[in-house]
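The values are calculated or read from the model by the stated rules, or taken from the named source; none is laboratory data. All values reported here derive from a predicted model rather than from experimental measurement. Counting neighbours? That spans all protein chains shown, and the Cβs are built from the backbone with ideal geometry, glycine included.
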Amino acid sequence: MAVSIQMRGQIAVVTIDNPPVNATSHAERLGLHNALHQTTQDEAVKAVVLHCAGRTFIAGADITEFGAPPKDPNLPDLLAQIEAAPKPWVAAIHGTALGGGLETALVCHYRIADGAAKLGLPEVTLGLIPGAGGTVRLPRLIAPDHALEMIAGGKPIAAAHALDLGLIDKIAQGNLLDEAISLAEEATKRPTPPALIERPVLAVTSQDTWDSAARKITARARGQTSPIAAITALKNALKLDAPTALAAERALFLELRESDQCKALRHIFFAERAAAQGGKIKGVTAGPLSHIGVVGGGTMGAGIAVACLLAGYRVTLIERNTEAADAGRDRVHSTLDQSLKRGVLTGVAHLHTVENFQISTSYSAISDADLVIEAVFEDMQVKIDVLTALEAAVRPDAILATNTSYLDINVMAAALMRPSRVIGLHFFSPAHIMKLLEIVVTDSVDDQTTATAFAFAMRLKKIAVRAKVGEGFIANRIMSAYRREAEYMLEDGAMPWDIDTAMREFGFPLGIFEMQDLAGLDISWAMRKRLNATRDRTQRYVDIGDKLCEAGHFGRKTGRGYYDYSDNGNARPSAGTRALIMAESQRKGITRVQISDKAIMVRILGRIRSEAAMLLYEGIARCADDIDVVMVNAFGFPRWTGGPMFHASGQD
Ligand code: 3HC
Ligand code: NAI
């Protein structure tokens, strides 16, 4: 049964038990409706505690029901009835109170949370706004500028912050349920506070905060409609009376629920979770991991070390010499310090994390490591030498992983004594922040190594996508393909800034040329030089990127790339690049033509999809949904389109 009632003295404890996340499914709404009726009728009940079994408080409406016709009781009506209950209700929050879950807590007369709980209204991330009174009740409990951040930003906040804002009344110091019952007992001795809906909206703490939050949200939306709708709903709540604002919120919610963006965002939500199925192998369980070795403390190695440290692993970083080790240590420490500043780590956790980290120039320091990830230079021989030395230094059952961007991991595995323990773990930069991890299975890897890699990704809170070996795996292979198409367009008539503008207008955070300037043009140049000898000479080849690199223009870091950069880092179209492009079109005898923004995107999207189709045909990607997950999380393909494959299917 989704909802049950137990008596604790005069307090009725209403427990929702609806795994996995207690989402407000039809059965749960019905159960709550009955519990409300029963506790109202029963004279022995003086107050009610609403509590959830399992890992979390209510995590929101049941998203799986969104496509189906609505069934009564609907959530807004049910919540209005709880709010009007003649006996006080106390919400006891653990895990996450999200969306309809937080809206349920808002109609309770008191809220108590455990210290680790998070509270939020993430509906905008699903293309929605809160649809059960959140936009109307929240600004009656906390200042509207903070409500705006929560509703239109969609990011959950920690219990301590919620207490500061006045969103909850108390943080439990001991057992949450016991303390919630005590709070309910106290509540029976005093008048029940007026329902939020009866109260006036609060004043904004500062108009500046409101204006700047609204500006930031609008700029960040980049074509996504729900954050803008959230601002509208909150403005309604501030100017209309509560019943009218509630009706306006519901109408907007229902309209958004049917929108293409909401369908696309739901698709990507479930696709991200389904990607983890790529690691499920019948009868195989993951091996334990506690000590992680990382070889190479450059950009990626340091980021990977931090990601592992933040997940609570003991980490040893290996570098070539003392100088490189010092630089690697500094990189790791400064990233951990930033995490402390951003509030990702508390002071105590920071101290503990630093204690878990050591750096060495000797492989003997990782002789007991369970998993070692190499992130040394992108060169096959360097990597094989490192992996061979590692194999001699670590336990026979240790897993050896490579973070290579493009190289053939089957070749690396074949060079070793124990190829079954070799796997690709392709992180994205910055590795401690980017959510995506491509898990690249070689031809020889054993199932336990694969299962362990997926479990490792989960502990790192990464979205793991399974890929097979092939130049650039999924992400870089597709990116190389649409980058080539963009380069063709340079010769055909567009300038880098035309293409970047079209991509940004489509919803990418950065265009392909801005992105390359940021990452450094030398990385892909090295890859092209490596492949030059075996390149198919019948295929069209654009020399512009190579020529920029030959002139030492590696992008932002050298002040020149496709763009020129001023000392303060601002990019501007480069006359030199324009001249080079015009000269290349002329050298090849190409008559340049105007290419519209629309035509630019047709060519880029077409190239993404045709390369994706090849990846599916070759079995490198498991399914089209995995490709959507990769493109959204690796290169900022606009999430609200659902990814390139979902977007294409909607346009047929
Ligand atoms: N509805 C249906 N299923 C849900 C769900 C929801 N709201 N939230 C999570 N699930 C499912 C997932 O699909 C997954 O299923 P699977 O095991 O079959 O793959 C399972 O629950 C566990 O989810 P996660 O793997 O994401 O577990 P985590 O522990 O990593 O995260 C979570 C838990 C933080 C609750 C995360 O699942 C989450 O963010 N969920 C979505 C929350 C949300 O957006 N709520 C708002 C919904 S809209 C709404 O409430 C409208 C209202 O205003 C009327
Ligand atoms: P980097 O040049 O910043 O760092 C490489 C580090 O490896 C240097 O600190 C170097 O001293 C160390 N090193 C080299 N040989 C070593 C050895 N034998 N033993 C110990 N340390 C050694 O390079 P970066 O960017 O960190 O790349 C590393 C790997 O990660 C490459 O394979 C790259 O393709 C891959 N990668 C890079 C991404 C990026 O955005 N930079 C993204 C994803 C993967």
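So which of I168, I151 ends up being in a helix (DSSP H, G or I) and β-branched (V, I, T)? First the steps, then the outcome.
Values: I168 fails: in a helix (DSSP H, G or I).
Residue meeting the stated conditions: I151.
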Check the stretch 284-292 and report whether any residue there is at positive phi, away from ligand 1 (no atom under 16 Å from the Cβ) and out of contact with any Leu (no Cβ under 7 Å at 6 or more places or on another chain).
no
If you go through the stretch 91-103 one residue at a time, how many are part of a loop (DSSP other than H, G, I, E, B) and either touching a Lys or Arg at 6+ places or on another chain (Cβ under 7 Å) or modelled with pLDDT under 95 (or both)?
1
Could you list, in sequence order, all residues of the stretch 40-86 that are modelled with pLDDT of 95 or more, away from ligand 1 (no atom under 13 Å from the Cβ) and basic (K, R)?
K46
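Can you name the residue in the stretch 512-530 that is closer than 15 Å to R484 by Cβ and touching a residue at least 24 places away in the same chain (Cβ under 8 Å) and is also nearest to ligand 1 (Cβ to nearest atom) among such residues? Working first, answer last.
In the first step, residues of the stretch 512-530 are kept if they are closer than 15 Å to R484 by Cβ; the result is 512-513, 515-516, 521, 524-525, 527-528.
After this cut, where a residue has to be touching a residue at least 24 places away in the same chain (Cβ under 8 Å) as well, the list is 512-513, 515-516, 521, 524-525, 527.
Working: I512: 31, F513: 34, M515: 28, Q516: 33, L521: 37, S524: 34, W525: 39, M527: 35 Å.
Looking at residues that are closer than 15 Å to R484 by Cβ and touching a residue at least 24 places away in the same chain (Cβ under 8 Å), I get M515.
T96: among the hydroxyl-bearing types (S, T, Y), within 22 Å of Q173 (Cβ to Cβ) and near ligand 1 (Cβ under 8 Å from one of its atoms), yes or no?
Working: among the hydroxyl-bearing types (S, T, Y): yes; within 22 Å of Q173 (Cβ to Cβ): yes; near ligand 1 (Cβ under 8 Å from one of its atoms): yes.
Here the answer is yes, as T96 does meet what is asked.
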Is it the case that some residue within the stretch 366-379 is more than 14 Å from ligand 2 (Cβ to nearest atom) and free of Cβ contacts under 8 Å to residues at least 40 places away in the same chain?
yes
If I filter the stretch 571-586 for residues that are modelled with pLDDT of 95 or more, touching a helix residue (DSSP H, G or I) at 6+ places or on another chain (Cβ under 6 Å), part of a helix (DSSP H, G or I) and surrounded by 22 or more Cβ atoms within 10 Å (Cβ to Cβ), do I get at least one hit?
yes
Condition met for I304 (assigned to a helix (DSSP H, G or I), more than 16 Å from ligand 1 (Cβ to nearest atom), out of contact with any Ser or Thr (no Cβ under 7 Å at 6 or more places or on another chain) and under 22 Å from L437 (Cα atoms)):
yes
Within the stretch 69-104, count every residue that is crowded, with 24+ Cβ neighbours inside 10 Å, small (G, A, S) and over 17 Å from F253 (Cα atoms).
3
Could you tell me how many of the residues in the stretch 399-427 are part of a loop (DSSP other than H, G, I, E, B), surrounded by 19 or more Cβ atoms within 10 Å (Cβ to Cβ) and without any contact (Cβ under 8 Å) to a residue 60 or more places away in the chain?
2
